[in-house]
Amino acid sequence: MADIQVNSLRRTFGTFVAVENIDFHIRDGEFVFFLGPSGCGKTTTLRMIAGLLMPSSGRIDIGGRNVTYLKPRDRNVGMVFQSNVLYHHLSVYENLAYPLKVLGMSRAQVNAKVEEVAKLLQIQDVLKRSTERLSAGQAQRVAIGRMLVRDADVFLMDEPISHLDAKLRAHMRVELRHLQKELNRTTVFVSHDQLEAMSMADRIAVINEGQVLQFAPPQEIFDRPATEFVAGFVGEPHMNILDVHLDGTKATGDGFAVAVDANWLSRNRIRSGHWRLGVRPEHISIHDAPAQGRFPARLFAVETMGAENLFSFKIGGMDFKVRATTQDSDQYLDAVDEVLYLRASPERVYLFDLSSGKTLAQASATEVKEGLS
Ligand SMILES: Nc1ncnc2c1ncn2[C@@H]1O[C@H](COP(=O)(O)OP(=O)(O)OP(=O)(O)O)[C@@H](O)[C@H]1O
Ligand SMILES: [Mg+2]
């Protein structure tokens with residue numbers, strides 16, 4: 001049982017700052033994701049928690065104990081990485097038993113523990129098999145099993161399923177989420193896949209350029225992103241984000257103009273000026289005639305995706321996405337190159353600061369009655 005407290009953690013490589021004075025607290029039993037683009041510092045942060053890399057400065061406590069400069073083996077953490085090296089000359093059973101034998105456990109204890117973990121991961125049938133004869137998914141489960149057998153206080157996983165095929169990855173997501181809840185063990189999982197993080201995490205730390213931009217539950221990250229970067233990183237397809245000039249209640253961009261609710265602006269203390277306006281593809285409706293609050297856009301392409309259609313419009317030379325159910329939008333499948341009329345859901349529009357990227361205003365159903373009109 002252990003929480004993880006990180007204070008002013010920083011790591012540089014020469015003059016390059018990989019992790020910049022980050023602070024966070026991970027609660028006991030929590031399933032936390034480090035989510036961010038390649039090179040943002042996820043692995044570096046995880047390796048410092050594991051003890052595989054020393055911080056340049058700052059402090060790490062696990063279970064109330066200062067472990068900042070302790071060796072990995074003195075922290076009682078279990079780890080699994082993207083590419084795990086199994087002992088290929090050994091069987092699955094021996095791979096799982098090895099870490100326990102090193103700890104000096106009796107044969108009966110080792111047997112019992114290996115059985116328990118194999119059952120949990122559903123690899124009982126392959127225990128006798130050589131690791132060379134495993135599928136990618138089985139091999140990855142053995143690697144996870146090697147972490148689990150050790151009864152560590154904290155589990156650290158660095159993209160452990162990212163190289164599996166899509167179907168197996170979806171399966172492993174559900175399994176790992178279930179397993180984490182069953183074991184109730186503090187777990188940090190590194191990923192650059194926002195769908196993975198959204199579907200598995202209790203809380204997500206969104207990281208960019210060595211900084212934690214937001215640390216919150218998935219739904220909050222999605223509904224109330226702290227910055228434009230977070231807003232654009234989470235959601236599939238991405239939020240549409242455009243430059244606008246706000247004059248009174250009129251927001252004008254390159255190729256479009258919308259009226260914004262005056263109360264919403266005054267409540268959020270937004271003045272006229274240059275801002276960034278964001279709206280998610282699923283919060284825009286398509287119409288075939290102009291009306292107040294609708295703006296014209298030329299349809300560029302349509303992708304059918306089964307239950308939904310994904311429309312790409314061109315606005316001011318920019319790609320602008322709209323996602324709609326087949327029921328609401330099948331009538332526009334043949335409208336490529338035509339001008340249609342779009343309306344953004346008034347309660348779903350965001351404004352971001354042009355220079356800092358901070359979210360200035362986010363509408364919500366309770367806050368805004370009219371919004372764009
Ligand atoms: N040993 C090192 N020496 C020099 N630079 C390093 C070293 N390790 C990491 N870096 C740099 O620090 C930055 C963060 O690296 P890190 O591996 O933490 O990224 P990441 O978020 O895990 O990315 P990915 O999703 O690609 O795994 C990168 O720019 C990387 O090049
Ligand atoms: Mg990494």
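Computed from the coordinates by the stated procedures, all read-outs in this text should not be read as laboratory data. Remember, it's a predicted structure, so these values are computed and weren't measured experimentally. Here Cβ is always computed from backbone atoms with ideal geometry, including for glycine, and neighbour counts include all displayed protein chains.
A few points about this structure:
- Taking chymotrypsin sites (Phe, Trp or Tyr not before Pro) in DSSP loop conformation with at most 14 other Cβ atoms inside 10 Å as exposed sites, the chain has its longest uninterrupted site-free stretch at 88-373.
- The local environment of PRO237, defined by Cβ-Cβ distances under 13 Å, has a net charge of -2 under the rule Lys, Arg +1 and Asp, Glu -1.
- For the range 74-150, relative contact order (Cα pairs under 8 Å, six or more residues apart, normalised by length) works out to 49 percent.
- Normalised by 2.2 N^0.38 Å, where N counts its residues, the alpha-carbon radius of gyration of the range 17-82 equals 1.10.
- Exposed-loop-free span, longest in the chain, where GluC sites (Glu not before Pro) count as exposed if DSSP calls them loop and at most 15 other C-beta atoms lie within 10 Å: 1-208
- 0 to 90° range, to nearest 10: angle between helix 166-183 axis and the chain longest Cα axis: 60 degrees
- FRET E, pair LEU168, HIS245, Förster distance 35 Å, beta-carbon r, rounded to 0.05: 0.15
- Taking θ as phi - 60° and the Karplus parameters 6.51, -1.76 and 1.60, the scalar couplings of the range 115-125 work out to 4, 4, 5, 4, 5, 4, 9, 6, 10, 4, 5 Hz in sequence order, x denoting glycine and proline.
- For the range 28-151, the ratio of Cα radius of gyration to the globular rule of thumb 2.2 N^0.38 Å stands at 1.18.
- Backbone phi angles across the range 135-141, fed through the Karplus curve with coefficients 6.51, -1.76 and 1.60 (θ = phi - 60°), yield HN-Hα couplings of 6, 4, x, 5, 4, 5, 5 Hz in residue order; Gly and Pro are listed as x.
- Extents of the chain, taken as max minus min of Cα coordinates on every principal axis and listed largest first, are 77, 46, 38 Å.
- ALA18 long-range amide H proximity, modeled H, under 5 Å: ARG11, THR12, PHE13
- In the range 237-362, taking the dipole from charged Cβ atoms about the Cα centre, the farthest positive-side position among SER355, TYR341, PHE300 is held by SER355.
- Histogrammed with a bin width of 10 Å, the alpha carbon distances of the range 237-362 distribute as 13, 45, 30, 11, 0 percent, first bin at zero.
- The range 4-224: Rg to Rh, with Rh as the Kirkwood radius over Cα pairs: 0.97
- Per-pair calculated FRET efficiency, R0 = 25 Å: LEU195 and ASP328 via Cβ, rounded to 0.05: 0.60
- Sites ASP337 and ALA289 - FRET efficiency at Förster radius 22 Å, r taken between beta-carbons, to 0.05: 0.80
- Relative contact order for the chain, counting Cα pairs under 8 Å that sit 6 or more residues apart, in percent: 15 percent
- Computed label-point distance, nm, for sites GLU182 and ASN7 using a 7 Å Cα→Cβ extension: 3.8 nm
- Spatial separation of Cα centroids for the range 270-331 and the range 123-149, in angstrom: 47 Å
- When trypsin sites (Lys or Arg not before Pro) are flagged only if DSSP places them in a loop and at most 16 other Cβ atoms lie within 10 Å, the longest unflagged stretch of the chain comes out as 130-268.
- One chain, two ends: HIS88 and MET305. Fully extended at 0.36 nm per residue, the span grows by 73.9 nm beyond their Cα-Cα distance.
- The relative contact order of the range 237-362, computed from alpha carbon pairs under 8 Å that lie at least 6 residues apart in sequence, is 27 percent.
- Extension gain, ASP61-ALA262: 0.36 nm per intervening residue step, less the Cα-Cα distance, totals 67.6 nm.
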